[in-house]
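The values are calculated or read from the model by the stated rules, or taken from the named source; none is laboratory data. Everything quoted here is computed from the prediction, not taken from an experiment. Here the Cβ is made from the backbone with ideal geometry for all residues, glycine too, and neighbour counts use every protein chain on show. Just the protein is used for accessible areas: all its heavy atoms, side chains included, with ligands, DNA and RNA removed. Shrake-Rupley method; radii C 1.70, N 1.55, O 1.52, S 1.80 Å.
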Amino acid sequence: MNNLIYLDNNATTKVDERVVEAMLPYLKEEYANPSSMYDFSKKSSRAIKEARGVIKDFVNAADEKEIIFTSCGTESANTAIRGVLNYNKTKKHIVTTKIEHPCVLNVYKTLEKQGYKVDYVGVNSNGELNLDELRNIITDETALVSVMWANNETGVINPVGEISQIIKSKNPDTKFFVDAVQVTGKIPIDVQANSIDLLGISGHKFHAPKGVGALYVNSKTMITPLIIGGHQERGKRAGTENVPYIAGMAKAAELAIDNLQYEMTEVKRLRDKLESNIIKKIYNSRVNTGIAERVPNTTNIGFEYIEGELILLHLSDLGICASSGSACTSGSLEPSHVLRAMNVPFTAIHGSIRWSLSRFTTEDEIDYVIDKLPSVIEDIARISPYQKELQTLKNLKN
Ligand code: PLP
(Lines give C-alpha, C1' and ligand atoms only; values in the text may rest on other atoms or scores of the structure.)
Protein backbone atom coordinates (compact mmCIF):
# COMPACT_ATOMS: atom_id res chain seq x y z
CA MET A 1 0.00 0.00 0.00
CA ASN A 2 1.18 3.45 -0.93
CA ASN A 3 1.65 5.41 2.31
CA LEU A 4 -0.20 8.44 0.91
CA ILE A 5 -3.92 8.14 0.23
CA TYR A 6 -4.90 11.22 -1.70
CA LEU A 7 -8.64 11.89 -1.57
CA ASP A 8 -8.52 15.65 -2.18
CA ASN A 9 -8.70 15.73 -5.97
CA ASN A 10 -11.14 18.66 -6.02
CA ALA A 11 -8.31 20.76 -4.55
CA THR A 12 -5.76 19.63 -7.11
CA THR A 13 -4.74 16.45 -8.92
CA LYS A 14 -1.60 14.45 -9.50
CA VAL A 15 0.02 15.31 -12.83
CA ASP A 16 -0.25 12.30 -15.16
CA GLU A 17 3.16 10.95 -16.27
CA ARG A 18 2.03 11.14 -19.90
CA VAL A 19 1.30 14.84 -19.41
CA VAL A 20 4.85 15.38 -18.13
CA GLU A 21 6.17 13.55 -21.21
CA ALA A 22 4.10 15.78 -23.51
CA MET A 23 5.49 18.91 -21.83
CA LEU A 24 9.16 17.98 -21.76
CA PRO A 25 10.14 18.88 -25.35
CA TYR A 26 8.84 22.43 -24.82
CA LEU A 27 10.74 22.79 -21.53
CA LYS A 28 13.94 21.56 -23.16
CA GLU A 29 14.86 21.83 -26.82
CA GLU A 30 11.67 23.42 -28.28
CA TYR A 31 11.85 26.64 -26.31
CA ALA A 32 11.15 29.08 -29.16
CA ASN A 33 8.61 31.86 -28.75
CA PRO A 34 5.59 30.66 -30.77
CA SER A 35 5.13 34.16 -32.28
CA SER A 36 8.64 34.30 -33.83
CA MET A 37 9.11 34.22 -37.60
CA TYR A 38 11.91 31.67 -38.01
CA ASP A 39 11.53 27.94 -38.59
CA PHE A 40 12.68 27.12 -35.04
CA SER A 41 9.39 28.49 -33.66
CA LYS A 42 7.25 26.23 -35.87
CA LYS A 43 7.02 23.36 -33.34
CA SER A 44 6.01 25.73 -30.54
CA SER A 45 3.36 27.44 -32.63
CA ARG A 46 2.10 24.09 -33.91
CA ALA A 47 1.82 22.83 -30.31
CA ILE A 48 -0.40 25.81 -29.44
CA LYS A 49 -2.53 25.29 -32.54
CA GLU A 50 -2.97 21.58 -31.86
CA ALA A 51 -3.75 22.20 -28.18
CA ARG A 52 -6.41 24.72 -29.18
CA GLY A 53 -8.02 22.05 -31.37
CA VAL A 54 -7.95 19.51 -28.53
CA ILE A 55 -9.54 21.92 -26.02
CA LYS A 56 -12.13 22.94 -28.65
CA ASP A 57 -13.13 19.26 -28.93
CA PHE A 58 -12.93 18.76 -25.14
CA VAL A 59 -15.69 21.34 -24.58
CA ASN A 60 -17.31 20.82 -28.02
CA ALA A 61 -16.85 24.41 -29.20
CA ALA A 62 -17.70 25.19 -32.83
CA ASP A 63 -14.40 26.89 -33.64
CA GLU A 64 -10.82 26.89 -32.34
CA LYS A 65 -10.94 30.70 -32.30
CA GLU A 66 -13.35 30.45 -29.37
CA ILE A 67 -10.64 29.06 -27.06
CA ILE A 68 -8.38 31.41 -25.06
CA PHE A 69 -5.52 30.01 -22.99
CA THR A 70 -5.21 31.46 -19.48
CA SER A 71 -3.12 30.80 -16.37
CA CYS A 72 -5.85 29.18 -14.21
CA GLY A 73 -9.53 28.84 -13.46
CA THR A 74 -9.48 32.08 -11.49
CA GLU A 75 -8.15 34.01 -14.48
CA SER A 76 -10.72 32.37 -16.77
CA ALA A 77 -13.55 33.48 -14.45
CA ASN A 78 -12.18 37.02 -14.04
CA THR A 79 -11.70 37.39 -17.80
CA ALA A 80 -15.20 36.13 -18.54
CA ILE A 81 -17.02 38.24 -15.96
CA ARG A 82 -15.08 41.48 -16.28
CA GLY A 83 -14.69 40.97 -20.02
CA VAL A 84 -18.45 40.85 -20.67
CA LEU A 85 -19.28 43.71 -18.29
CA ASN A 86 -16.51 45.99 -19.56
CA TYR A 87 -17.45 45.42 -23.18
CA ASN A 88 -21.01 46.63 -22.62
CA LYS A 89 -21.32 48.92 -19.62
CA THR A 90 -24.97 49.88 -20.07
CA LYS A 91 -26.51 47.05 -18.03
CA LYS A 92 -25.66 46.78 -14.35
CA HIS A 93 -27.50 43.68 -13.14
CA ILE A 94 -25.80 40.32 -12.52
CA VAL A 95 -27.25 37.02 -11.32
CA THR A 96 -25.12 34.34 -9.67
CA THR A 97 -25.45 31.74 -6.92
CA LYS A 98 -24.65 31.66 -3.21
CA ILE A 99 -22.39 28.65 -3.69
CA GLU A 100 -19.89 29.86 -6.32
CA HIS A 101 -16.16 29.53 -5.78
CA PRO A 102 -14.44 32.59 -4.21
CA CYS A 103 -12.80 33.36 -7.58
CA VAL A 104 -16.30 34.27 -8.80
CA LEU A 105 -17.97 35.50 -5.58
CA ASN A 106 -15.15 37.90 -4.72
CA VAL A 107 -15.25 39.45 -8.21
CA TYR A 108 -18.94 40.18 -7.65
CA LYS A 109 -18.26 41.64 -4.21
CA THR A 110 -15.84 44.07 -5.91
CA LEU A 111 -18.34 44.85 -8.68
CA GLU A 112 -21.04 45.63 -6.10
CA LYS A 113 -18.78 48.36 -4.76
CA GLN A 114 -18.52 49.71 -8.32
CA GLY A 115 -22.29 50.11 -8.65
CA TYR A 116 -23.45 46.74 -9.98
CA LYS A 117 -26.50 45.04 -8.49
CA VAL A 118 -25.78 41.36 -7.88
CA ASP A 119 -28.43 38.80 -6.94
CA TYR A 120 -27.33 35.54 -5.33
CA VAL A 121 -29.66 32.60 -6.01
CA GLY A 122 -29.99 30.06 -3.18
CA VAL A 123 -29.96 26.28 -2.98
CA ASN A 124 -32.06 23.70 -1.13
CA SER A 125 -30.81 21.43 1.65
CA ASN A 126 -29.29 19.02 -0.91
CA GLY A 127 -27.34 21.85 -2.56
CA GLU A 128 -29.60 22.02 -5.64
CA LEU A 129 -30.15 25.44 -7.18
CA ASN A 130 -33.54 27.14 -6.84
CA LEU A 131 -34.43 27.51 -10.53
CA ASP A 132 -37.68 29.40 -9.84
CA GLU A 133 -35.73 32.04 -7.94
CA LEU A 134 -33.30 32.25 -10.86
CA ARG A 135 -36.15 32.57 -13.38
CA ASN A 136 -37.87 35.33 -11.43
CA ILE A 137 -34.77 37.40 -10.87
CA ILE A 138 -33.62 37.84 -14.52
CA THR A 139 -34.77 41.14 -16.04
CA ASP A 140 -34.16 43.23 -19.17
CA GLU A 141 -31.28 44.81 -17.24
CA THR A 142 -29.44 41.51 -16.57
CA ALA A 143 -26.08 41.62 -18.33
CA LEU A 144 -24.71 38.33 -17.05
CA VAL A 145 -25.72 35.12 -15.29
CA SER A 146 -22.95 32.99 -13.85
CA VAL A 147 -23.50 29.52 -12.45
CA MET A 148 -20.90 26.87 -11.68
CA TRP A 149 -21.46 23.53 -13.42
CA ALA A 150 -20.62 21.51 -10.30
CA ASN A 151 -19.83 22.70 -6.82
CA ASN A 152 -16.30 22.06 -5.55
CA GLU A 153 -17.35 21.20 -1.98
CA THR A 154 -20.40 19.00 -2.61
CA GLY A 155 -19.96 17.87 -6.23
CA VAL A 156 -23.64 18.73 -6.86
CA ILE A 157 -24.28 19.30 -10.58
CA ASN A 158 -26.26 22.32 -11.75
CA PRO A 159 -28.49 21.71 -14.82
CA VAL A 160 -26.69 24.22 -17.05
CA GLY A 161 -28.71 23.32 -20.18
CA GLU A 162 -31.99 24.05 -18.39
CA ILE A 163 -30.53 27.20 -16.86
CA SER A 164 -29.43 28.55 -20.26
CA GLN A 165 -32.96 27.96 -21.59
CA ILE A 166 -34.41 29.90 -18.67
CA ILE A 167 -31.95 32.76 -19.24
CA LYS A 168 -32.52 32.99 -22.99
CA SER A 169 -36.32 32.82 -22.63
CA LYS A 170 -36.25 35.70 -20.14
CA ASN A 171 -33.64 37.84 -21.89
CA PRO A 172 -31.86 36.64 -25.06
CA ASP A 173 -29.18 39.34 -24.64
CA THR A 174 -28.05 38.10 -21.21
CA LYS A 175 -24.71 36.29 -21.35
CA PHE A 176 -24.21 32.98 -19.54
CA PHE A 177 -20.86 32.15 -17.90
CA VAL A 178 -20.27 28.65 -16.53
CA ASP A 179 -17.38 27.85 -14.17
CA ALA A 180 -16.72 24.27 -15.33
CA VAL A 181 -13.56 23.77 -13.26
CA GLN A 182 -15.05 20.90 -11.23
CA VAL A 183 -16.60 18.91 -14.08
CA THR A 184 -13.58 18.47 -16.35
CA GLY A 185 -12.85 14.78 -16.81
CA LYS A 186 -15.85 13.85 -14.65
CA ILE A 187 -18.85 14.35 -16.97
CA PRO A 188 -19.05 15.30 -20.68
CA ILE A 189 -18.79 19.03 -21.44
CA ASP A 190 -20.73 20.40 -24.40
CA VAL A 191 -20.98 24.18 -24.72
CA GLN A 192 -23.11 24.03 -27.87
CA ALA A 193 -25.70 21.52 -26.61
CA ASN A 194 -26.06 23.58 -23.41
CA SER A 195 -26.06 27.03 -25.12
CA ILE A 196 -23.23 28.34 -22.95
CA ASP A 197 -21.67 31.70 -23.91
CA LEU A 198 -18.51 31.53 -21.77
CA LEU A 199 -16.96 28.60 -19.90
CA GLY A 200 -13.84 28.35 -17.74
CA ILE A 201 -11.61 25.34 -16.99
CA SER A 202 -8.38 24.77 -15.06
CA GLY A 203 -5.64 22.26 -15.96
CA HIS A 204 -4.66 21.24 -12.44
CA LYS A 205 -8.10 19.78 -11.73
CA PHE A 206 -7.68 17.12 -14.46
CA HIS A 207 -4.09 15.91 -14.09
CA ALA A 208 -2.26 18.76 -15.82
CA PRO A 209 0.01 21.07 -13.77
CA LYS A 210 -1.04 24.19 -11.90
CA GLY A 211 -0.68 27.43 -13.83
CA VAL A 212 -2.70 26.78 -16.97
CA GLY A 213 -6.38 27.08 -17.84
CA ALA A 214 -8.70 27.96 -20.69
CA LEU A 215 -11.72 30.11 -21.39
CA TYR A 216 -14.30 29.38 -24.07
CA VAL A 217 -15.97 32.51 -25.45
CA ASN A 218 -18.49 31.83 -28.19
CA SER A 219 -18.09 33.78 -31.40
CA LYS A 220 -21.22 35.88 -30.72
CA THR A 221 -19.95 37.06 -27.33
CA MET A 222 -17.67 40.09 -27.15
CA ILE A 223 -15.28 40.67 -24.26
CA THR A 224 -12.83 43.40 -23.34
CA PRO A 225 -9.49 41.77 -22.45
CA LEU A 226 -8.37 41.72 -18.84
CA ILE A 227 -4.67 41.48 -19.65
CA ILE A 228 -3.47 44.02 -22.18
CA GLY A 229 -0.19 43.86 -24.08
CA GLY A 230 0.81 41.96 -27.22
CA HIS A 231 -1.43 40.42 -29.84
CA GLN A 232 -1.47 36.86 -28.41
CA GLU A 233 -4.74 34.94 -28.19
CA ARG A 234 -6.25 37.20 -30.86
CA GLY A 235 -5.83 40.19 -28.59
CA LYS A 236 -8.02 38.66 -25.87
CA ARG A 237 -5.21 37.66 -23.48
CA ALA A 238 -1.80 39.20 -23.92
CA GLY A 239 1.44 37.53 -22.80
CA THR A 240 3.74 34.97 -24.42
CA GLU A 241 1.90 31.65 -24.41
CA ASN A 242 2.98 29.08 -21.79
CA VAL A 243 3.76 26.47 -24.46
CA PRO A 244 4.78 23.49 -22.25
CA TYR A 245 1.81 23.90 -19.92
CA ILE A 246 -0.65 24.41 -22.78
CA ALA A 247 0.70 21.26 -24.48
CA GLY A 248 0.41 19.46 -21.13
CA MET A 249 -3.18 20.56 -20.60
CA ALA A 250 -4.09 19.38 -24.11
CA LYS A 251 -2.61 15.94 -23.33
CA ALA A 252 -4.53 15.91 -20.04
CA ALA A 253 -7.75 16.71 -21.93
CA GLU A 254 -7.14 13.82 -24.36
CA LEU A 255 -6.56 11.49 -21.40
CA ALA A 256 -9.66 12.85 -19.67
CA ILE A 257 -11.76 11.98 -22.72
CA ASP A 258 -10.23 8.47 -22.84
CA ASN A 259 -10.93 7.97 -19.13
CA LEU A 260 -14.38 9.57 -18.92
CA GLN A 261 -16.25 6.27 -18.94
CA TYR A 262 -13.95 4.88 -16.23
CA GLU A 263 -14.52 7.99 -14.13
CA MET A 264 -18.30 7.76 -14.49
CA THR A 265 -18.44 4.06 -13.58
CA GLU A 266 -15.37 2.86 -11.65
CA VAL A 267 -14.50 6.07 -9.78
CA LYS A 268 -18.20 6.44 -8.98
CA ARG A 269 -18.32 2.84 -7.71
CA LEU A 270 -15.40 3.51 -5.35
CA ARG A 271 -16.95 6.80 -4.20
CA ASP A 272 -20.26 5.04 -3.53
CA LYS A 273 -18.47 2.23 -1.69
CA LEU A 274 -16.69 4.73 0.56
CA GLU A 275 -19.87 6.69 1.20
CA SER A 276 -22.18 3.74 1.92
CA ASN A 277 -19.67 2.10 4.25
CA ILE A 278 -19.12 5.31 6.21
CA ILE A 279 -22.87 5.77 6.61
CA LYS A 280 -23.29 2.12 7.61
CA LYS A 281 -20.41 1.96 10.08
CA ILE A 282 -20.39 5.42 11.66
CA TYR A 283 -23.49 6.29 13.65
CA ASN A 284 -23.06 10.11 13.60
CA SER A 285 -22.47 10.44 9.84
CA ARG A 286 -24.75 11.90 7.15
CA VAL A 287 -24.37 12.57 3.41
CA ASN A 288 -24.81 16.34 3.22
CA THR A 289 -26.20 16.30 -0.35
CA GLY A 290 -29.03 13.77 0.11
CA ILE A 291 -30.04 12.41 -3.29
CA ALA A 292 -28.76 15.32 -5.41
CA GLU A 293 -27.03 14.46 -8.71
CA ARG A 294 -23.25 14.77 -8.27
CA VAL A 295 -20.03 14.41 -10.18
CA PRO A 296 -18.82 10.81 -9.79
CA ASN A 297 -15.76 11.50 -7.64
CA THR A 298 -17.10 13.59 -4.73
CA THR A 299 -18.92 13.00 -1.47
CA ASN A 300 -19.39 15.47 1.36
CA ILE A 301 -20.11 13.77 4.67
CA GLY A 302 -21.00 15.43 7.95
CA PHE A 303 -19.93 13.86 11.26
CA GLU A 304 -22.23 15.25 13.89
CA TYR A 305 -21.06 16.85 17.14
CA ILE A 306 -17.32 16.70 16.30
CA GLU A 307 -14.79 19.05 14.66
CA GLY A 308 -13.77 18.54 11.02
CA GLU A 309 -10.27 19.92 11.60
CA LEU A 310 -9.60 17.26 14.23
CA ILE A 311 -10.75 14.55 11.84
CA LEU A 312 -8.38 15.89 9.17
CA LEU A 313 -5.43 15.92 11.57
CA HIS A 314 -6.08 12.32 12.63
CA LEU A 315 -6.47 11.28 8.98
CA SER A 316 -3.26 13.08 8.08
CA ASP A 317 -1.43 11.02 10.73
CA LEU A 318 -2.65 7.94 8.83
CA GLY A 319 -1.45 9.38 5.50
CA ILE A 320 -4.99 10.15 4.33
CA CYS A 321 -5.62 13.52 2.64
CA ALA A 322 -9.18 14.86 2.59
CA SER A 323 -10.55 18.30 3.17
CA SER A 324 -12.86 20.08 5.52
CA GLY A 325 -16.01 21.92 4.60
CA SER A 326 -14.82 24.72 6.86
CA ALA A 327 -12.27 27.38 6.11
CA CYS A 328 -10.20 29.05 8.78
CA THR A 329 -11.01 32.73 8.51
CA SER A 330 -8.97 35.23 10.52
CA GLY A 331 -8.41 32.89 13.42
CA SER A 332 -12.04 31.81 13.86
CA LEU A 333 -13.43 28.66 12.33
CA GLU A 334 -16.08 29.88 9.89
CA PRO A 335 -18.28 27.14 8.42
CA SER A 336 -18.23 26.91 4.62
CA HIS A 337 -20.49 29.34 2.73
CA VAL A 338 -21.72 26.41 0.62
CA LEU A 339 -22.86 24.27 3.56
CA ARG A 340 -24.37 27.37 5.19
CA ALA A 341 -26.35 28.12 2.02
CA MET A 342 -27.65 24.52 2.23
CA ASN A 343 -28.65 24.98 5.87
CA VAL A 344 -26.64 21.95 6.92
CA PRO A 345 -27.56 21.57 10.62
CA PHE A 346 -25.14 23.25 13.01
CA THR A 347 -24.52 19.84 14.57
CA ALA A 348 -22.87 18.63 11.33
CA ILE A 349 -21.57 21.76 9.62
CA HIS A 350 -18.32 21.93 11.64
CA GLY A 351 -17.65 18.23 11.17
CA SER A 352 -18.10 18.00 7.42
CA ILE A 353 -15.44 16.37 5.27
CA ARG A 354 -15.11 16.42 1.48
CA TRP A 355 -13.71 13.25 -0.07
CA SER A 356 -12.74 13.58 -3.72
CA LEU A 357 -11.37 10.63 -5.68
CA SER A 358 -9.62 10.37 -9.05
CA ARG A 359 -8.78 7.71 -11.62
CA PHE A 360 -5.62 7.04 -9.57
CA THR A 361 -7.63 6.07 -6.45
CA THR A 362 -7.44 2.34 -5.78
CA GLU A 363 -9.83 -0.10 -4.11
CA ASP A 364 -7.16 -0.88 -1.47
CA GLU A 365 -7.02 2.80 -0.55
CA ILE A 366 -10.79 3.02 -0.15
CA ASP A 367 -10.79 -0.19 1.93
CA TYR A 368 -8.06 1.27 4.14
CA VAL A 369 -10.10 4.42 4.81
CA ILE A 370 -13.23 2.38 5.49
CA ASP A 371 -11.22 0.28 7.93
CA LYS A 372 -9.53 3.14 9.81
CA LEU A 373 -12.16 5.88 9.88
CA PRO A 374 -14.59 4.41 12.47
CA SER A 375 -11.96 4.37 15.23
CA VAL A 376 -10.77 7.89 14.25
CA ILE A 377 -14.32 9.19 14.67
CA GLU A 378 -14.80 7.15 17.87
CA ASP A 379 -11.63 8.66 19.41
CA ILE A 380 -12.68 12.21 18.56
CA ALA A 381 -16.28 11.63 19.70
CA ARG A 382 -14.97 10.51 23.08
CA ILE A 383 -13.63 14.02 23.79
CA SER A 384 -16.66 15.87 22.35
CA PRO A 385 -18.62 18.04 24.81
CA TYR A 386 -21.84 16.64 23.26
CA GLN A 387 -21.84 13.19 24.89
CA LYS A 388 -25.60 13.08 25.55
CA GLU A 389 -26.44 13.99 21.94
CA LEU A 390 -23.95 11.45 20.58
CA GLN A 391 -25.44 8.73 22.79
CA THR A 392 -28.91 9.59 21.47
CA LEU A 393 -27.65 9.24 17.90
CA LYS A 394 -25.98 5.92 18.78
CA ASN A 395 -29.22 4.60 20.27
CA LEU A 396 -31.16 5.69 17.19
CA LYS A 397 -28.76 3.85 14.87
CA ASN A 398 -28.83 0.59 16.89
N1 PLP B 1 -13.74 27.27 -9.71
C2 PLP B 1 -13.90 26.18 -8.94
C3 PLP B 1 -15.23 25.55 -8.86
C4 PLP B 1 -12.81 25.65 -8.25
O5 PLP B 1 -12.98 24.56 -7.49
C6 PLP B 1 -11.55 26.29 -8.35
C7 PLP B 1 -10.38 25.79 -7.58
O8 PLP B 1 -10.52 25.16 -6.57
C9 PLP B 1 -11.44 27.41 -9.17
C10 PLP B 1 -12.54 27.87 -9.84
C11 PLP B 1 -10.14 28.16 -9.32
O12 PLP B 1 -9.26 27.46 -10.16
P13 PLP B 1 -7.68 27.79 -10.10
O14 PLP B 1 -7.16 27.15 -8.87
O15 PLP B 1 -7.14 27.16 -11.33
O16 PLP B 1 -7.54 29.25 -10.11
**Request:** For region 254-398, list log₁₀ I(q)/I(0) at each q in 0.09, 0.13, 0.17, 0.20 Å⁻¹, using the Debye formula over Cα point scatterers of equal strength and ignoring solvent, two decimals each.
**Result:** -0.28, -0.59, -0.98, -1.30
**Request:** Quick one: go through region 142-178 and flag any residue whose amide nitrogen is under 19 Å from the point 7 Å out along the Cα-to-Cβ line of HIS337.
**Result:** 144-158, 177-178
**Prompt:** Which percent of the accessible heavy-atom area of region 17-258 goes to carbon and sulfur, probe 1.4 angstrom?
**Reply:** 50
**Request:** Would you work out which of SER164, TYR305, PRO335 lies farthest towards the positive end of the dipole of the chain? Charges go on Cβ: Lys and Arg +1, Asp and Glu -1.
**Result:** SER164
**Prompt:** For q = 0.13, 0.17, 0.18 Å⁻¹, what log10 I(q)/I(0) does region 147-216 give under the Debye formula with an equal point scatterer on each alpha carbon and no solvent?
**Reply:** -0.37, -0.61, -0.67
**Request:** Mind giving me the nanometre distance, one decimal, between the label points for PHE360 and ASN86, set 7 Å out from Cα along Cα→Cβ?
**Result:** 3.6
**Item:** Calculated P(r) tail over 13 Å for region 56-117, as whole % of Cα pairs
**Value:** 68
**Prompt:** What residue among HIS207, HIS101, HIS231 shows peak mean-square fluctuation when the chain is described by a Gaussian network model with Cα springs under 10 Å?
**Reply:** HIS231
**Message:** Let me see the P(r) profile for region 98-176: every Cα-Cα distance counted, bins of 10 Å, each bin given as a percent of all pairs.
**Reply:** 17, 51, 30, 2
**Asked** So for the pair ALA11, LYS109, with labels modelled 7 Å out along Cα→Cβ, what separation do we get in nm?
**Response** 2.1
**Message:** Using Cα springs under 10 Å in a Gaussian network model of the chain, which residue among GLN232, GLN114, GLN165 shows the largest mean-square fluctuation?
**Reply:** GLN114
**Message:** Step by step: find N for region 231-306, compute 2.2 N^0.38 Å, then divide the Cα radius of gyration by it. What's the final number?
**Reply:** 1.73
**Message:** Taking the Cα centre as origin and putting +1 on Lys and Arg beta-carbons and -1 on Asp and Glu beta-carbons, what dipole magnitude results for region 3-111, to the nearest 20 debye?
**Reply:** 660
**Rg(Cα) / (2.2 N^0.38 Å) computed for region 1-76, rounded to two decimals** = 1.41
**Prompt:** Rg to Rh for region 17-258: what is it, with Cα atoms only and Rh by Kirkwood?
**Reply:** 0.98
**Message:** Using the Cα centre of the chain as origin and beta-carbon charges of +1 (Lys, Arg) and -1 (Asp, Glu), tell me which of SER45, ASN288, THR265 is placed farthest towards the positive end of the dipole.
**Reply:** SER45
**Request:** Loop only per DSSP, at most 12 neighbouring Cβ atoms within 10 Å: give me the GluC sites (Glu not before Pro) in region 5-81, ordered by residue number.
**Result:** GLU29
**Message:** I need the helices of the chain that pass two filters: whole DSSP H segments spanning 20 Å or more by Cα along the axis, and mean Kyte-Doolittle score no lower than -1.0.
**Reply:** 42-59, 73-87, 243-262, 363-382
**Request:** Starting from region 99-200, pick out the trypsin sites (Lys or Arg not before Pro) whose DSSP state is loop and whose Cβ has at most 15 other Cβ atoms within 10 Å.
**Result:** none
**Request:** Take the cross-link list LYS65/LYS91; LYS43/LYS65; LYS89/LYS117; LYS92/LYS113; LYS91/LYS220; LYS168/LYS205 and give me the ones stretching past 22 Å between alpha-carbons.
**Result:** LYS65/LYS91; LYS168/LYS205
**Request:** Name the most mobile residue of ALA247, ALA193, ALA22, meaning the one with the largest mean-square fluctuation, in a Gaussian network model of the chain with Cα contacts below 10 Å.
**Result:** ALA193
**Prompt:** In region 254-398, what is the count of Lys pairs whose alpha carbons are under 24 Å apart, counting only pairs at least 8 residues apart or on separate chains?
**Reply:** 18
**Request:** Report, in deg cm²/dmol and to the nearest 500, the calculated mean residue ellipticity at 222 nm for the chain, where each DSSP H run with n ≥ 4 adds -39500 (n - 2.57) and the sum is divided by the residue count.
**Result:** -12500 deg cm²/dmol
**Item:** Backbone N under 12 Å from the LEU313 label point (7 Å along Cα→Cβ), restricted to region 343-387
**Value:** 380
